[in-house]
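I have placed the structure first, in the form of structure tokens, so that the comments after it can refer back to it.
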Amino acid sequence: MVITHTKLKRNSVGLLQGTFQSLGQVAPAADIAILLVASFSISGAQTVLSVIIGWIIYALWMITPYEFSKLKSNAGSYYAYAAGSTEKGHLGPITALSFMYYDITGAAFGILGLSSFIFLMAPEVTSIPYIWILFAGIFTAFIIIVTYLGIRPSLNYTAITGLLEVMFLLIGSIIIIIRVGAHNSAIPFEISGPYSIGFSSIMFASVFSILDFTGSGVVTTVSEEITEPKKNIGKSIVFAMILTAVALIPAAYALTVGWGVSSIGSFATHNDAGLTVFYRYLGPVGLVLLIVFTINSYFSNGVSKATAVSRWWYSAARDNVVFPQSVGKINPKHHSPANAVVIWALLSFVLDVTMGLIYGPLSAAFVLEAGTGISIIIVHILANSSLTIYTRRINKFSLLKHGILPTAATIVGLVVIYFTMRDIFTKYFTAPSAVNDAYFASFIVTIVWILAGGLIVTLYYRNKHPEILKDAGEFNMRTQQ
């Protein structure tokens, strides 16, 4: 039976914290340091184009949480939206499993990404075997402690540092572009032509570029704790998307022309290409600031992600879907879902260290993030369908906002998955290597976990506990006041 009250503390945070709850998970400085390397390795000089495409796709996907936030305030976010969309709740388990896969593999961005960044930034560190595991452990401990202490101090931290980070990246990028001068080029924006890497590769790179913006909708997980959720959740999503575009699109172009379009092929193979470009054009001060903001960006990402994960796991545990209710236990002093934070962080740490030992921290991060990208696309596809179904169910359906736009977002998501699958399969069969084999395995595991796992769990609940699915995702804070 669904618990009909929330133990999360209401009115704990406002619009500013909500905006940077989303931006904190985006972690723009960390994207520049590590995640954009994956895009550069695939789309080369057209990386900025893949970033723009990624932003447009993600902006389209943000229509669904924006619209849902007007209708329901539930910490379960996409899980709750999907679970409550139908009377029998059949979309709940598969969405929960997709979301869970995204959570656990997505932690690689912080746990392995920070380790890789420090590892590559200081070559002398490479002489110490497995020292990156220590960095991963420190990172994991930090996010557990800060998130455990409650939502207000953790989101105040992400808000202050996040605003400074965006300002630095924008100003730094503008300075680089100006100083590049005559070497600025239109080639980074060419989809086809003699200097283009090809549309398929640009679309595959857009999967990683989508991850650059992933997190813009996680403010929905604090729906039960933010003031005036009907207004502030939607505003937070819009503001976060604007800030991510401001921080990342100019930076992607600045890195391309700052490195040199003609030699961009070596960008992804360089140990610290982003740092090199900032040092080349901004000097020691720019270098130090990028290092500081990048390290902090990883920590902010971890705090924001832990906040989001713990809230929706709490919601699912409250519903008895996938998680037992003990996972959603609230700390009475700090009002945080402490059990969910600890369980998620430790599971992610074990997976990331295991993969890091096999492939090395940087390659392992990319491999896991490929599964993260696919799983979050599936989460959004399920949420898009849920918006259409739910609004029709409650007689608030708008053809444009709840029909055409979510359907368009789903089609775009399927196109991205298609190009991703084609690129992964092509490289697996034509250019076998440890990393390409791992990308292939990651794709297969992701699909099996979500589709087969979702089917099995749904059938279990439908046959054994249909009353649980019927009530799943139905909690709405507004109706409880």
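If you scan the stretch 176-217, which residues turn out to be under 11 Å from Ser43 (Cα atoms) and among the polar types (S, T, N, Q)?
Within the stretch 176-217, Ser196, Ser200, Ser201, Ser206, Ser209 meet the criteria.
The conditions are (1) surrounded by fewer than 22 Cβ atoms within 10 Å (Cβ to Cβ); (2) under 18 Å from the mean Cα position of the chain (by Cα); (3) at positive phi, and Gly215 fails exactly one of them. Which is it?
Failed condition: (1).
Kindly indicate the residue of the stretch 207-235 that is part of a loop (DSSP other than H, G, I, E, B) and of a type in the set (Ser, Thr, Tyr) and also farthest from Ile57 (Cα to Cα) among those meeting that condition.
Across the stretch 207-235, the extreme among qualifying residues is Thr227.
Among the numbered conditions (1) assigned to a helix (DSSP H, G or I); (2) aliphatic (A, V, I, L, M); (3) farther than 30 Å from Asp352 by Cα; (4) touching a Lys or Arg at 6+ places or on another chain (Cβ under 8 Å), tell me where Ala80 comes up short.
Failing condition for Ala80: (3).
Got at least one residue in the stretch 7-21 being modelled with pLDDT of 85 or more, among the small types (Gly, Ala, Ser) and touching a strand residue (DSSP E or B) at 6+ places or on another chain (Cβ under 6 Å)?
First, the residues of the stretch 7-21 that are modelled with pLDDT of 85 or more: 8-21.
Next cut, among the small types (Gly, Ala, Ser) only: 12, 14, 18.
Now narrow it down to the ones that are touching a strand residue (DSSP E or B) at 6+ places or on another chain (Cβ under 6 Å): 18.
Within the stretch 7-21 (the criterion being modelled with pLDDT of 85 or more, among the small types (Gly, Ala, Ser) and touching a strand residue (DSSP E or B) at 6+ places or on another chain (Cβ under 6 Å)), the answer is yes, since at least one residue qualifies.
Which ones in the stretch 366-387 are small (Gly, Ala, Ser), touching a Ser or Thr at 6+ places or on another chain (Cβ under 6 Å) and within 26 Å of Ser116 (Cα to Cα)? Step through it out loud before you land on a result.
Taking the stretch 366-387 first, the residues small (Gly, Ala, Ser) are 370-371, 373, 375, 383, 385-386.
In the following step, the residues that additionally are touching a Ser or Thr at 6+ places or on another chain (Cβ under 6 Å) were identified as 370-371, 375, 383, 386.
Passing the criteria: Ala370, Gly371, Ser375.
Which residues, taken from the stretch 99-157, are surrounded by fewer than 24 Cβ atoms within 10 Å (Cβ to Cβ), assigned to a loop (DSSP other than H, G, I, E, B) and on the phi < 0 side of the Ramachandran plot?
Ala122, Ile128, Pro129, Leu149
Across the stretch 279-307, which residue is most open to solvent (accessible area, probe 1.4 Å) among those that are hydrophobic (A, V, I, L, M, F, W, C) and more than 25 Å from the chain's Cα centre (by Cα)?
That would be Val285.
Among the numbered criteria (1) crowded, with 16+ Cβ neighbours inside 10 Å; (2) farther than 30 Å from Ser69 by Cβ, which single criterion is violated by Phe189?
Failing condition for Phe189: (1).
Please find, among Ala408, Ala434, the residue that is open to solvent by 50 Å² or more (accessible area, probe 1.4 Å) and in contact (Cβ under 8 Å) with a residue 40 or more places away in the chain. Before you say what the answer is, go through the steps one by one.
Details: Ala408 fails: open to solvent by 50 Å² or more (accessible area, probe 1.4 Å).
After applying the criteria, what remains is Ala434.
Yes or no: the stretch 344-358 includes at least one residue that is of a type outside the set (Gly, Ala, Ser), closer than 16 Å to Lys9 by Cβ and in contact (Cβ under 8 Å) with a residue 24 or more places away in the chain. Reasoning before the result, please.
Filtering the stretch 344-358 down to residues of a type outside the set (Gly, Ala, Ser) leaves 344, 346-347, 349-355, 357-358.
Okay, now just the ones that are also closer than 16 Å to Lys9 by Cβ, so none.
The answer is no; no qualifying residue exists.
In the stretch 314-333, which residues are part of a loop (DSSP other than H, G, I, E, B) and more than 22 Å from the chain's Cα centre (by Cα)?
Scanning the stretch 314-333 gives Asn320, Val321, Pro324, Lys329, Ile330, Asn331, Pro332, Lys333.
With touching a Ser or Thr at 6+ places or on another chain (Cβ under 8 Å) and surrounded by fewer than 21 Cβ atoms within 10 Å (Cβ to Cβ) as the only criterion, which of Arg393, Arg311 stands out?
Details: Arg311 fails: surrounded by fewer than 21 Cβ atoms within 10 Å (Cβ to Cβ).
After applying the criteria, what remains is Arg393.
Could you tell me which numbered condition Ile226 fails, if it satisfies all but one of (1) buried (at least 24 other Cβ atoms within 10 Å of the Cβ); (2) closer than 22 Å to Val379 by Cα; (3) not small (Gly, Ala, Ser)?
Unmet for Ile226, out of (1) buried (at least 24 other Cβ atoms within 10 Å of the Cβ); (2) closer than 22 Å to Val379 by Cα; (3) not small (Gly, Ala, Ser): (2).
From the list Arg311, Arg392, which one is free of Cβ contacts under 8 Å to residues at least 12 places away in the same chain and in a helix (DSSP H, G or I)?
Just a single option satisfies the conditions, and that option is Arg392.
Checking the condition of a type outside the set (Phe, Trp, Tyr) and modelled with pLDDT of 95 or more, which residue from Leu414, Leu387 passes?
Numbers: Leu414 fails: modelled with pLDDT of 95 or more.
Residue meeting the stated conditions: Leu387.
Taking Glu467 as meeting all but one of (1) open to solvent by 70 Å² or more (accessible area, probe 1.4 Å); (2) of a type in the set (Asp, Glu); (3) modelled with pLDDT under 90, write down the number of the exception.
Just one mismatch for Glu467, condition (3).
The values are calculated or read from the model by the stated rules, or taken from the named source; none is laboratory data. Bear in mind the structure is a predicted one, so any value in this text is a computation, not a measurement. Reconstructed Cβ throughout: ideal geometry from the backbone, glycine too, with neighbour counts over all protein chains shown. Side chains included, ligands, DNA and RNA excluded: accessible areas come from the protein's heavy atoms. Shrake-Rupley method; radii C 1.70, N 1.55, O 1.52, S 1.80 Å.
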